[in-house]
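A.B. asks: Mind looking over this structure? Questions follow.
The values are calculated or read from the model by the stated rules, or taken from the named source; none is laboratory data. Worth saying up front: this structure is predicted, and the values here are computed from it rather than measured. Cβ placement follows ideal geometry from the backbone for every residue including glycine, while neighbour counts extend to all protein chains displayed.
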C-alpha cells in the first residue's frame, strides 16, 4: 500500500476514501473518462494535496525535468513528500529521471512551493488532459507562478551539453492542445519576460531560445531538426509547450528553462540516446539546480 510520508516525520498519513490506489491496484484514471471535467479533477487533486500536507495553499510550482531534480533540495525545506499515485489524476512516471513524487517545500521567504516530479509526457499515449494535469492541479492549489524545466536537444552548436537556456517562446508540433471547445487564449508573451529578467539578474550569461515540442518518443531526424531551425526553433524536446499553454489558460506566470543535454540530430555526429540525456543531466545537475534555486528565491 502506497503511503505519503513527511520529510521530517514518521507518522503515517490516512488513506483517502477516493484514493485511486488500493493495495497496489490502480483504478481507472478519472481523466480517462471523456465526460469528466478536468478542472474538477484538478480541484480534487489540490484538495488531496492540502489534506496530505496540511498546507492549504502553494504559491508557486515547479516541474523538474531531467537534470533539474536537485533543485528540490536547495530551494527550501521539504516538509512533505507524497507519492503522486496518492493524488487523483496522477500516475507513475514512465521515464527515468522523473521521481514520481509531489513535494511541499517551505521557502525561506515564507512562501510555499509545490515541486512536481511526476510529469506525464504526451508520447505515453494517455491524452493531453493527463499531460497538463499537474499544471492545473498546481493552479487549483493556489500557485500563480509555474516554472517548467526540461532536458532538451540544442540546435545552436555552441550550446554544449550542460548549458541552461531560457525559453522565450515555443512552437507546438504535437498537433494537439490542452484547450477544449471555443477557448481562445492569447499566447503572446507566454513565457514571462519579467521572470526571464529575474533569471538573467542571477546569471547574466543565460541565453534564450525558442523551444520546439515534438510528439516523440522517437528522437527527431536531422531533416526535422533543420525544419525546426528554419521556422525559428533553437531547442527541441518532447514536453513543456502543452503544459505552458495550460498554465496560461489558468492565468499563471510562466518561466521555462531547458538543460541542453545533447546537440540535436544532424548537429552532433553521434547517435542520440536517452542514456546520454541522463548522463548529461547528472553532470550538470548541481550547477543548474543551484541556479534554479537562486531564481526561485528571487521571484
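A.B. asks: Just need a number here: residues in region 29-63 that are part of a loop (DSSP other than H, G, I, E, B) and under 16 Å from residue 131 (Cα atoms).
C.D. replies: 5
A.B. asks: Looking only at region 184-197, which residues are within 20 Å of the chain's Cα centre (by Cα) and within 20 Å of residue 235 (Cβ to Cβ)?
C.D. replies: 187, 189, 190, 191, 192, 193, 195, 196
Residue-by-condition table, conditions (1) touching a residue at least 24 places away in the same chain (Cβ under 8 Å); (2) outside any helix (DSSP H, G or I); (3) farther than 19 Å from residue 289 by Cα:
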residue: 159; (1), (2), (3): yes, yes, no
residue: 164; (1), (2), (3): yes, yes, no
residue: 169; (1), (2), (3): yes, yes, yes
residue: 179; (1), (2), (3): yes, yes, yes
residue: 187; (1), (2), (3): yes, yes, yes
residue: 197; (1), (2), (3): no, no, no
residue: 201; (1), (2), (3): yes, no, no
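A.B. asks: Sticking with this one: Among the candidates 144, 149, single out the residue that is surrounded by fewer than 20 Cβ atoms within 10 Å (Cβ to Cβ) and closer than 16 Å to residue 255 by Cβ.
C.D. replies: Only one candidate qualifies: 144.
A.B. asks: Name the one entry in 291, 272 that is under 20 Å from residue 117 (Cβ atoms) and crowded, with 16+ Cβ neighbours inside 10 Å.
C.D. replies: Exactly one of 291, 272 is under 20 Å from residue 117 (Cβ atoms) and crowded, with 16+ Cβ neighbours inside 10 Å, namely 291.
A.B. asks: Sticking with this one: Is there any pair with a first residue in region 105-131 that is under 14 Å from residue 148 (Cβ atoms) and a second that is modelled with pLDDT under 95 and part of a strand (DSSP E or B) whose Cβ atoms are under 7 Å apart and which are 6 or more apart or on different chains, and what are they?
C.D. replies: 117/101; 118/101
A.B. asks: Hey, another quick one. Could you say whether any residue in region 233-242 is assigned to a loop (DSSP other than H, G, I, E, B), modelled with pLDDT under 95 and out of contact with any strand residue (DSSP E or B) (no Cβ under 6 Å at 6 or more places or on another chain)?
C.D. replies: Looking through region 233-242, none of the residues is assigned to a loop (DSSP other than H, G, I, E, B), modelled with pLDDT under 95 and out of contact with any strand residue (DSSP E or B) (no Cβ under 6 Å at 6 or more places or on another chain).
Listed here are the residues, each with its yes/no results for (1) within 30 Å of residue 36 (Cβ to Cβ); (2) out of contact with any helix residue (DSSP H, G or I) (no Cβ under 6 Å at 6 or more places or on another chain); (3) surrounded by fewer than 19 Cβ atoms within 10 Å (Cβ to Cβ).
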{"residue": "51", "(1), (2), (3)": "yes, yes, yes"}
{"residue": "58", "(1), (2), (3)": "yes, yes, no"}
{"residue": "62", "(1), (2), (3)": "yes, yes, no"}
{"residue": "69", "(1), (2), (3)": "no, yes, no"}
{"residue": "73", "(1), (2), (3)": "no, yes, yes"}
{"residue": "77", "(1), (2), (3)": "no, yes, yes"}
{"residue": "83", "(1), (2), (3)": "yes, yes, no"}
{"residue": "87", "(1), (2), (3)": "yes, no, no"}
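A.B. asks: Same structure, new question: Could you list all residues from region 263-289 that are touching a helix residue (DSSP H, G or I) at 6+ places or on another chain (Cβ under 7 Å) and over 15 Å from residue 218 (Cα atoms)?
C.D. replies: Matches in region 263-289: 267, 289.
A.B. asks: OK, next. Among the residues of region 71-81, write down those that are modelled with pLDDT under 95 and farther than 21 Å from residue 164 by Cα.
C.D. replies: none
A.B. asks: Consider residue 136 carefully, then state whether it is part of a helix (DSSP H, G or I), closer than 29 Å to residue 276 by Cβ and out of contact with any strand residue (DSSP E or B) (no Cβ under 7 Å at 6 or more places or on another chain).
C.D. replies: no
A.B. asks: Confirm whether residue 223 is crowded, with 18+ Cβ neighbours inside 10 Å, assigned to a helix (DSSP H, G or I) and at pLDDT 95 or above.
C.D. replies: So residue 223 fails the test.
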